[in-house]
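Asker: Quick one: the structure is below, and I'll ask about it shortly.
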Amino acid sequence: MVAALRPADAPQGCVTGFGAGHEATQARVEAIDRALPQTQCTRCGYPDCRSYAQAIAEGDAAINRCPPGGAEGIARLAAITGHAVLPLDASHGTEGPRHLAVIDEAACIGCTLCLKACPVDCILGGPKAMHTVIDALCTGCELCIPACPVDCISLVNVTGERTGWAAWDATLADEARTRYGFHQFRLQRDEQERTARLEARASALRPL
């Protein structure tokens, strides 16, 4: 039987450990995570914003690896961590306006690969059916772009000359964090259900 999951059970780079040291580290991770824009773009080199926050808190990553947060994001992280303000590490990208993914619906073949790539589940569609992006929920992470085999997804600037946190806000970040948490929960739930089905099928084929 598959154990029931709750969205809170979704793995998001949990810090391990016990006692006051763990609590202090956890509080530091939380503060750093809330200073990140939550685009979940992976450009920092980590699988999600939470993992990057944990790496910063543990001294394993610099504070200047988040292009979506830009210069203001680095300043926020410096204030939290006590580290010196640094220029954005260009090897991880450049600061720019927030983008919206747009699908050319006429060219879309309904492969569903972009649905799987989207970290906040903002793309609607099904197998061999037209896909579309929910504009208000798109973080502009760009992860759907390389996933598309027919190059039918493009990016549109939706914030003009505003970049970094000037192109984002805490409300959007909180919503993106919540949606990413449910995305992770859904993936884990789906995998557990798939495993349970395979085990049940194998059990039914075993000779008595």
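The values are calculated or read from the model by the stated rules, or taken from the named source; none is laboratory data. Computed from a prediction, not measured in an experiment: that's the story for all the values here. Ligands, DNA and RNA are stripped out before the accessible areas are found, and what is left, the full protein with its side chains, is counted by its heavy atoms. Shrake-Rupley method; radii C 1.70, N 1.55, O 1.52, S 1.80 Å.
Asker: Can you tell me the accessible area per residue over the chain, all protein chains present, probe 1.4 angstrom, in square angstrom?
Answerer: 54 Å²
Asker: Would you indicate which of [x] 18.7; [y] 18.0; [z] 19.2 is the value of Kirkwood radius over Cα pairs in Å derived from the coordinates of this structure?
Answerer: Among [x] 18.7; [y] 18.0; [z] 19.2, the one calculated here is [x].
Asker: Could you sort 128, 116 by accessible area so the largest value comes first, with the probe set to 1.4 Å?
Answerer: Per-residue accessible area, sorted high to low, gives 128, 116.
Asker: What shape does the stretch 34-77 have by the C-alpha gyration tensor, where a ≥ b ≥ c are the square roots of the eigenvalues, rounded means a/c under 1.5, and otherwise prolate means a/b greater than b/c and oblate the rest?
Answerer: oblate
Asker: Per residue of the stretch 41-49, in order, report the coupling 6.51 cos²θ - 1.76 cosθ + 1.60 (Karplus, θ = phi - 60°) as ³J(HN,Hα) in whole Hz, putting x for Gly and Pro.
Answerer: 7, 6, 5, 6, x, 10, x, 6, 4
Asker: Using Cα-Cα distances under 8 Å and only pairs 6 or more residues apart, what relative contact order does the stretch 17-62 have, in percent?
Answerer: The normalised contact order for the stretch 17-62 reaches 35 percent.
Asker: Further question on the same structure: In a Gaussian network model over the chain where Cα atoms closer than 10 Å are linked, find which of 33, 169, 89 has the largest mean-square fluctuation.
Answerer: Of 33, 169, 89, the Gaussian network model singles out 169 as fluctuating most.
Asker: Whole-Hz ³J(HN,Hα) for each residue in the stretch 61-78, computed from phi via Karplus 6.51 cos²θ - 1.76 cosθ + 1.60 with θ = phi - 60°, x for glycine and proline: what do you get?
Answerer: With the stated coefficients, the stretch 61-78 comes to 9, 6, 8, 10, 10, 10, x, x, x, x, 5, 5, x, 5, 4, 5, 5, 5 Hz.
Asker: Please report the carbon-and-sulfur percent of the accessible area for the stretch 61-208; probe 1.4 Å, protein heavy atoms only, DNA, RNA and ligands left out.
Answerer: 58 percent
Asker: Please build a GNM for the chain, connecting alpha carbons under 10 Å apart, and tell me which residue among 85, 150, 120 fluctuates the most.
Answerer: Answer for the Gaussian network model of the chain: 150.
Asker: Something else: Sort the stretch 104-208 into rounded, prolate or oblate with this rule: let a ≥ b ≥ c be the square roots of the eigenvalues of the Cα gyration tensor; rounded if a/c is under 1.5, and if a/c is not under 1.5, prolate when a/b is larger than b/c, oblate otherwise.
Answerer: Oblate, since a/c reaches 1.5 and b/c is not below a/b.
Asker: So for 132, 81, 171, what's the accessible-area order with a 1.4 Å probe, most first?
Answerer: 171, 132, 81
Asker: While we're on this one: So between residue 136 and residue 151, what do we pick up on full extension, going 0.36 nm a residue minus the alpha carbon distance?
Answerer: 3.2 nm
Asker: Please list, ordered by chain and number, the residues whose modelled amide H lies under 5 Å from the amide H of residue 98; skip anything fewer than 5 residues away on the same chain.
Answerer: Answer set, sorted by chain and number: 158, 159.
Asker: Shifting gears a bit: Most mobile of 195, 163, 112 per a Gaussian network model of the chain (Cα springs, under 10 Å)?
Answerer: Of 195, 163, 112, the Gaussian network model singles out 195 as fluctuating most.
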